[in-house]
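Values quoted throughout were computed directly from the atomic coordinates according to the rules given, and no laboratory measurement underlies them. None of the values given here were measured: they were computed from a predicted structure. No Cβ is skipped: glycine too gets one built from the backbone with ideal geometry, and neighbour counts run over all protein chains shown.
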Amino acid sequence: MLNPPVRCGTVIRMERFKELSAEIDGLRKKRNAVILAHNYQRGEVQDVADHCGDSLALSQIAAESPADVIVFCGVHFMAESAAILAPRKTVLLPNPDAGCPMADMITAEKLREKKKEMPGVPVVCYVNSSADVKAESDICCTSANAVRVVESLAQDTVYMVPDMNLSQYVAARTKKKLSWWKGFCPTHQLLTAKEVAAAKAQHPGAPFVAHPECPPDVLALADDIRSTSGMYEFARKGAAKTILVGTEMGILHRLKKENPDKEFILVSNCLICPNMKITTLEDVRDALLHNRHVIRVEEPALSRARTALERMLAVPRD
Ligand code: 13P
Ligand code: SF4
């Protein structure tokens, strides 16, 4: 028997899953740890986590958690955000190779150069970025609150980094004058309007929900645009029995689990983020067992990045 039936080679036997999750459970208790998993993680990793969520939800949980140890099953920038918001806790990234190519598309040095060209213009930084880049920014945002964050600023002109697609999505929803860095998520960038149109033609009437990291011509075809956690709400509250999904395939695991009567169709086979798939249950176990890999952010980036993240968390919800 297999559990769970995840694609892209990440299949684990039920016996092995039970064995590892029991080991992880014991270590979690022993170390007073909380395990956080991003919605794109392998199904079995989501299944052992205390909390699954999007970048915003997980950073809030990290900030407020009473645990001594935070095991962050996601990519490097997420564990860094947790280390910034909870500097007295031990933050572990189970697989140190889990990076984000979009975050690597801008450096603090490049951003400093850019800022010289536009004095007084606030920088809004998508959390998919390094601590050093956050430290150079005025405020952070996630895909769940980007429009609200931009709207919260007093200035009429705003610069966004590093995602050009999220920036264009926000620009279409605010009167502020936006310009942006030309970074992108290599996974979402591959999705084409042609693939979406083909999926729509195959499933007439099924709504298409897309992540704002998708290119503008894909978003133009979306019935709704949501962060990953927003997509769970869309699936739960909507009447549609078949939903076309435009984001990384890891989201399907919980969508299917939570909505067994509904069908979720990934609109393209390209929607796999390799970095989100490299963390295994063995990595999670070993992280707790050997206290690895500890993520730390040093001063002065720590305080400056924390200010940018805390400003974001202080923006009122709708
Ligand atoms: P959210 O989960 O915040 O929507 O972000 C998606 C993402 O690409 C994380 O790397
Ligand atoms: Fe980075 Fe895209 Fe992977 Fe998210 S899905 S971690 S933005 S590469």
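Let me make sure I get this right: for region 162-229, a, b and c are the square roots of the gyration tensor eigenvalues over alpha carbons, sorted descending. Under 1.5 in a/c it's rounded, otherwise prolate if a/b > b/c, else oblate. Which is it? Spell out each step's value before the answer.
Details: a/c = 2.35, a/b = 1.72, b/c = 1.36.
Prolate.
Quick one: putting +1 on the C-beta of Lys and Arg, -1 on the C-beta of Asp and Glu, what dipole do you get for region 84-160 around its Cα centre, in Debye to the nearest 20?
Around 240 debye, computed over region 84-160.
Could you give me D for the chain, from Stokes-Einstein at 4 °C and 1.567 mPa s, where the hydrodynamic radius is the Kirkwood radius over C-alpha pairs? Units µm² s⁻¹, please.
65
Identify, among 276, 41, 240, the residue whose Cα sits farthest towards the positive end of the charge dipole of the chain, taking +1 on the Cβ of Lys and Arg and -1 on the Cβ of Asp and Glu, with the dipole about the Cα centre.
The residue sitting most towards the positive pole is 240.
Might you report the magnitude of the Cβ-based charge dipole of the chain about its Cα centre, with Lys and Arg at +1 and Asp and Glu at -1, to the nearest 20 debye?
It works out to roughly 300 debye.
For region 1-148, what are Rg and Dmax over the alpha carbons, in angstrom?
Just the Cα atoms of region 1-148 yield Rg and Dmax of 17.5, 60 Å.
Could you tell me which residue out of 171, 119, 82 lies farthest along the dipole of the chain toward its positive end? Charges go on the beta carbon: Lys and Arg +1, Asp and Glu -1, centred on the Cα centre.
171
For region 101-255, with only Lys/Arg (+1) and Asp/Glu (-1) charged at the beta-carbon, what is the dipole magnitude about the Cα centre, in debye rounded to 20?
Computed charge dipole of region 101-255: roughly 340 debye.
What percent do you get for the relative contact order of the chain when only Cα pairs under 8 Å and 6+ apart count?
The value is 22 percent.
Could you name the lysines whose alpha carbon sits less than 26 Å from that of residue 176, not counting residues in the same chain fewer than 8 places away?
List returned: 110, 114, 115, 116, 134.
What are the radius of gyration and Dmax of region 175-318, computed over its Cα atoms and given in Å?
When restricted to the Cα atoms of region 175-318, Rg and Dmax are 18.6, 54 Å.
Which loop trypsin sites (Lys or Arg not before Pro) in region 34-140, with loop taken from DSSP, have no more than 12 other Cβ atoms within 10 angstrom of their Cβ?
Values: sites: 42, 88, 89, 110, 112, 114, 115, 116, 134; in loops: 42, 88, 89.
Within region 34-140, the qualifying trypsin sites (Lys or Arg not before Pro) (loop, at most 12 other Cβ atoms within 10 Å) are 88.
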